Amino acid sequence: MSAKKEERLEAEAKASDLVQGTLEMLILKTLALEPMHGYGVALRIEQISKGVFKVNPGSLLPALSRMERCGHVKSGWRATENNRRAKYYDLTAKGRKALSQETEQWQRQIDAIARILDAEA
Amino acid sequence: MRWPANLTSGMKALFGKSRVERELDEELEGYVAASTEDKMRNGMPAKMARRAALVELGSGNAVKHQIWSSRWESALDNLLQDVRLGVRSLKKSPGFTAVALISLALGIGGNSAIFTLINQVLLRNLPVRDSRQLVAFGDSIFGGVAGGIDLGDFGGYFPWDFARQLEENPGPFQGIAAYGSFSNKASVRPPTVAGQTAPAALATVNLVSGNYFSVLGAEPMLGRTIVSADDGATGSGAVVVLSYRFWRETLSSDPAVVGKTISLNGAPFEVVGVMPEAFHGFRQELEPTGMWTPISMQPVVLQQPTMLLPHSGLYFLHIFGRLSAQAASNKTAFAASQNWLNEQVHAGVRATEGGTITPARQAEIERIHVPLVPAAQGVSLIRSQYGESLKILMAVVGMVLLIACANLANFLLARTATRQREISTRLALGSSRARIVRQSLIETLLLSLTGGVLGLGFAFLATRMLIAFVSQGNWDIAMSPAPNREVVLFTMGVSLATALLFGLVPAVVAARVGKRGSLNTSARTAHGGGGRGSRIWPKTLVSAQVMLSLLLLVGAGLLLRTLRNLENQDYGFERTHVLLADFNPKLAGYAPHDTPALHQTLLERLATIPGVRSVALSATPPISGGAWSSNIEPGGYRPGPKENMVSVLNRVSGEYFETAGIPIVAGRAITATDTANSLKVAVVSEEIARKYYPHGDAIGHMVKLGIDSVEGPWEIVGIARDTKSGNPRDTDPVRMTYIPLAQIDALMPYAPKTADGAGAGPAREENQDRYANTILLRTTGDPARVIGDLRAAVTAINPNLPLLRITTMREQVSNLIANDELISTLTMLFAGLALLLAAIGLYGVMSYNVVERTNEIGVRIALGAQVNTVLWMVLRESLVLLAIGVALGLPLTFAVTKRIEDQLFGLSARDPLSFAAAIAVVCGMTLLAAWIPARRAAKVDPLTALRYE
């Protein structure tokens, strides 16, 4: 357990920075699976990335608020599995479209970057 | 969510801020709880898990703040917060706020008031198509009938036949139209309603050529305008177009008025159209025109048919034209139009002179130039009369506002200094400098916008008073005090500019304050030692205020002395105890042959009014804006070539000279014994006697007048003192010729020529120049007190005989210098206001300095400084500022007053008295404003002062 904690701390140290501008895309992707509350999103991102990305609430919650404002997600209060009231976020149609666009764009970018790096090597 | 939804949710958040706050709290709490549970599931003890979760979250408030600032409403919220803070801090110092608001309201209000007038008088274009193409032929400012002049002389007078000729052949112009140079009062009877005859009203009627409206490009609101077909043969075309105002006020906005018949001087006219509200005609007179009729109806309106005869020799029309599109934009084309006009005028003059013209005269005719005056704004008597004054007043109120701004800047600077600690604290707590500058600017904006709103109210009242003044109590004037869009925009602009002017420096100084980051206990010392900038600014501003005050005071002094000079000069007649009344027997239905009996009745009846010493009748008062004048031929004098022989004329009853108080210096006056049956006599002014009879032998000579109806010859029997007769600013003596009313012939000397110039013409007309239009009463006491009796007496003679205007002689004179009165009074008022503001400013700065230096002064006194030394120390500082202000202000004043030299009368722009008085007043003000804080400094108790801090 202590080993795990250490590893986690290390991951934290490494993972504090997301690639600039990807947070919203990651949130969109996460929410595309199912509606969830803020912590759920943070946890899911961390889990799926195997601890590489760790999103702290100070950037997650403002990002969600921003996305709600531009209509990519909608929110509502619902009971959690532990019967606690929590604010759940869900993707809107517009959000879905934004996700596919951003994913596509991102894919193009990393392909390009990969090609450059390959050429270098 | 699109922007409307975004907007609504933002607004909701803004107004339901506590609910949003609660939700955020709940969400954060939920987040922490979920995080804790998760950590516990991973085996962390409950307490540790919660702590770890809280650590991950960091400061809940910071997160909330971040969420909040990710939304647009946060910017607005911050702004509101700043506004609230601003309002609070202004409320904390009510004294400052009140002074600031009052000075701003007065400053901005003054600007708005003058601008309201400038906008209406100087800026507004005629509400017609392409008004830039319109040009007046000559300045067309004054109106009247002239004879024996050249075409277009005296600012643009033309006879009917010449105008007609241009109208038909406009050459390079798109069109040329003419209109009566003066409007006439006519008695109007509105259409009968339900069998009841409506009472007659007086309306101002302007004669216009048939193409007047089409050349102007003015569209009617109802019906049609006058067209060329209306302006045909003399006496035809009995149609009338009404002004909006007349339609609304006299006809109660009757929507079906077009086609109805109204009676004008007893003749029926068909109403063919109504003009829109904004249209006042090409020439705007003080009294708005009520209706327009074709020139062909002149015999009915003016009742002087000879005017419309070819070669009548009567010049009573003004002309304007619409330039071609090229001429309006291209100088060469414009010059071509100008040349064309001059050629027409030259040809016209030659045709009038006929016969052989001497080469000298030929050359003279070639030099006649009738300028094309751009008239996009039409022609306005008010503009030419008050335009210059309004510009001066605008500069004056601008300066007052500058002084007010300097004051506010000073106050804000002082406040910034006292708020240094607050600012340092805010900076230390992480506020950005931009936010502090913004906060400070918002405060100034609050002040200036509130001041602007108050100023708008003040401007409305002030404009009402100004218009009342300009219109001389005649409310029937085409000007409105109500602020329109331009005025409101102007006021907003001035308020914003003001805020920037007085707010920026303090704001920047405020933001710089924190640079030293002084949170030490002695912020005061830090300020005293450091802020060279914050010390030099107040002094600069005070010196500038002194400078501007000096300028305003000198200007006010010069204008006030001008007014005094105008008032106190020798007018040649007496101004006390004389009452004047204008009346119009022609409108009341008296024919020229009725006048002798009417005049006799009036003279006899009015003489019985208690308190009346003598009564006289005349054509015009001894002094008035308009004049009856013509060339004269003094017997035995041989005039030089083209010598100006114009004399102002007046026809008077017996006792005129006695009643008006004009002394007879030689010979005798005109008396009641000069009747139609006795020898025709005349009295001339000293100037005529001096000029034409230098050997003192004027009496006994004959004089002939250039107007057919009163040609004479008249034998000179007396010489009257020179009087002012028109513009009180004229310094050259006026040539005056007086003839007896009773001796004017009953009929015109010649029968009018027929159109073809042959055959037996119509019979000789009655002489229209037999009417008297002014009653003069010399009273024993206050002339205003016999007004009631005068009205009663005239009504007793004929209830339909209208007395149009009753004034005392004193008022008559002061009306003629009303412009000077207005400008000097207002400049004085504003200069006084400026002085007061400057005094408050100086007092504020000096008091603040004393408070600032209490410590130092205490030490000085404790170390043995004398009271007088301390007093002098503080005073000296003010005196230096005064000296700088005056030293810089004098050259500025010299330069500026030079530009208003035209407005002055009887003194130069460097009048030493005005300068001395202004300097004395400014010095007095400075000493007074500095004395009080200096006394306070001298009274500082060293013990208190040393403990102070």
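A few points about this structure:
- Note on the protein assembly as shown: along the principal axes its Cα atoms extend 142, 84, 64 Å, ordered by decreasing extent.
- With respect to chain B, whose longest principal axis is taken over its alpha-carbon atoms, helix B:818-852 is tilted by about 20°.
- FRET E, pair residue B:862, residue B:888, Förster distance 51 Å, beta-carbon r, rounded to 0.05: 0.85
- Taken about its Cα centre, the protein assembly as shown carries a charge dipole of about 5820 debye when Lys and Arg each add +1 at the Cβ and Asp and Glu each add -1 at the Cβ.
- Segment residue B:792-residue B:679, length gained on full extension (0.36 nm per residue, minus Cα span): 37.1 nm
- Placing R0 at 60 angstrom, the Cβ-Cβ distance between residue B:40 and residue A:119 gives a FRET efficiency of 0.75 after rounding to 0.05.
- Free of any chymotrypsin sites (Phe, Trp or Tyr not before Pro) that DSSP assigns to a loop and that have at most 12 other C-beta atoms within 10 Å, the longest stretch within chain B is B:1-474.
- Charge tally in the Cβ shell below 13 Å around residue B:283, where Lys, Arg are +1 and Asp, Glu are -1, residue B:283 excluded: -2
- About the Cα centre, charge dipole magnitude for the stretch B:692-753 (Lys/Arg +1, Asp/Glu -1 at Cβ), debye: 180
- Once both labels are positioned 7 Å from their Cα atoms along Cα-to-Cβ, the gap between residue B:800 and residue B:228 label points is 4.0 nm.
- Between residue B:76 and residue B:642, the contour length at 0.36 nm per residue exceeds the Cα-Cα span by 196.0 nm.
- Mean partner shielding of peptide B:29-42, defined as the number of other chain Cβ atoms within 10 Å of each residue Cβ, is 4.
- Sparsely packed loop sites in the stretch A:78-110 (the GluC sites (Glu not before Pro) outside DSSP H, G, I, E and B with at most 10 other Cβ atoms within 10 Å) comprise A:81.
- Bridgeable lysines around residue B:391 (alpha carbons under 22 Å apart, same-chain partners fewer than 8 residues away excluded): B:898.
- For residue B:732 and residue B:362, a Förster radius of 30 Å and the Cβ-Cβ distance give a FRET efficiency of 0.50, rounded to the nearest 0.05.
- Cα gyration tensor, chain B - rounded (a/c under 1.5), prolate or oblate: prolate
- With the charge dipole of chain B set up from +1 on Lys and Arg Cβ and -1 on Asp and Glu Cβ about the Cα centre, the Cα lying farthest toward the positive end among the listed residues B:508, B:595, B:324 is that of B:508.
- The residue list B:412, B:269, B:814 was ranked by how far each Cα lies along the charge dipole of the protein assembly as shown toward its positive end, using unit charges on Cβ atoms, and B:412 comes out on top.
- In chain B, a dipole from Cβ-located charges (positive for Lys and Arg, negative for Asp and Glu) runs towards its positive end, and of B:578, B:546, B:204 it is B:546 whose Cα lies farthest in that direction.
- The stretch B:776-851 has equivalent-ellipsoid semi-axes of 52, 12, 11 Å, by the square roots of 5 times the alpha carbon gyration tensor eigenvalues, sorted largest first.
- Charge tally for residue A:79 (other residues, Cβ to Cβ under 14 Å; Lys, Arg +1; Asp, Glu -1): +2.
- Least to most buried among B:253, B:131, B:495, B:384 (fewest other Cβ within 10 Å first): B:253, B:384, B:131, B:495
- Taking other residues whose beta carbon is less than 13 angstrom from the beta carbon of residue B:770, and scoring Lys, Arg as +1 and Asp, Glu as -1, yields -3.
- Mean residue ellipticity (222 nm) of chain B, computed from DSSP H runs ≥ 4 via -39,500 (n - 2.57), nearest 500: -17000 deg cm²/dmol
- Straight Cα distances below 17 angstrom link residue A:87 to the lysines A:74, B:64, with same-chain residues fewer than 8 positions distant left out.
- Residue separation of residue A:33 and residue A:48 scaled by 0.36 nm, minus their Cα-Cα distance, works out to 4.2 nm of gained length.
Bear in mind these aren't lab numbers, they're just calculated from the coordinates by the rules spelled out. Not measured: the values here are computed from a predicted model. Cβ sites come from the backbone with ideal geometry, for glycine too, and all protein chains shown count toward neighbours.
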